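Have a look at the structure below, then the notes.
The values are calculated or read from the model by the stated rules, or taken from the named source; none is laboratory data. Here the structure is a predicted model, which means the values were calculated and not measured. As a convention, Cβ positions derive from the backbone with ideal geometry for all residues, glycine included, and neighbour counts pool all protein chains shown. Just so you know, the surface numbers come from the protein's heavy atoms only, side chains and all, with ligands and any DNA or RNA stripped out. Shrake-Rupley method; radii C 1.70, N 1.55, O 1.52, S 1.80 Å.
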Amino acid sequence: MSDKVSDEARVIPLRPGPGRPGPGRPGPGRAERGSPESARPGAPRPAPAEPLWRDLVGDVLRRERQAQERTLRDVADAARISLPYLSEIERGRKEASSEVLAAAARALGLDLGDLLSRTRSELVRRTGAAQRTAHRAPRAGLLLAA
């Protein structure tokens, strides 16, 4: 029972950079999905990827801040978050902790539940999840979300 295991870790980037093939990305000699080379008549189109939670949260925070006509500096100061970090959160570059999200939400006059509710609504709007789940049978029980 001596299975040889490589010491090398397999790393799969979440978002492969330009020129780097990743899962579902074309490598050398492979055509991009949806490109004319890979299109087959009658072939089903791949489902679009679901948006990342951090992108959705960032969009909701930015939209609310702009609706209040406030600057990044104003909100960052009120939330006691560095301006560059808040900017990265809004752009979906950073996965913020619940404490940071709560502080940013409070600085905008929201509570964490409001922010999460608006983010969920944005997810449903972008993915049409409400239409897909409407056909499922209701489940009994408790659903917890982080």
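Worth a mention:
- Subset of segment 72-83 (residues that are loosely packed, with under 12 Cβ neighbours inside 10 Å and not basic (Lys, Arg)): 82
- Residues that are of a type in the set (D, E, K, R) and at pLDDT 65 or above within segment 121-135 comprise 122, 125, 126, listed in sequence order.
- Residues (in a loop (DSSP other than H, G, I, E, B) and more than 13 Å from residue 58 (Cβ to Cβ)) located in segment 95-107: 97
- Matching residues in segment 95-106 - criterion: being open to solvent by 80 Å² or more (accessible area, probe 1.4 Å) and within 21 Å of residue 71 (Cβ to Cβ): 106
- In segment 45-94, counting only helices (runs of 4 or more DSSP H) that sit wholly within it, the ones holding 3 or more residues that are of a type in the set (Asp, Glu) span 53-67.
- Verdict on residue 59 being open to solvent by less than 40 Å² (accessible area, probe 1.4 Å), out of contact with any Lys or Arg (no Cβ under 7 Å at 6 or more places or on another chain) and in contact (Cβ under 8 Å) with a residue 24 or more places away in the chain: no
- Residue in segment 88-97 that is at positive phi, out of contact with any Pro (no Cβ under 6 Å at 6 or more places or on another chain) and in contact (Cβ under 8 Å) with a residue 40 or more places away in the chain present: yes
- Meets criteria (modelled with pLDDT of 95 or more, among the small types (Gly, Ala, Ser) and farther than 19 Å from residue 122 by Cβ) for residue 82: yes
- Test: residue in segment 109-117 that is exposed (fewer than 10 other Cβ atoms within 10 Å of the Cβ) and either at pLDDT 95 or above or assigned to a helix (DSSP H, G or I) (or both): no
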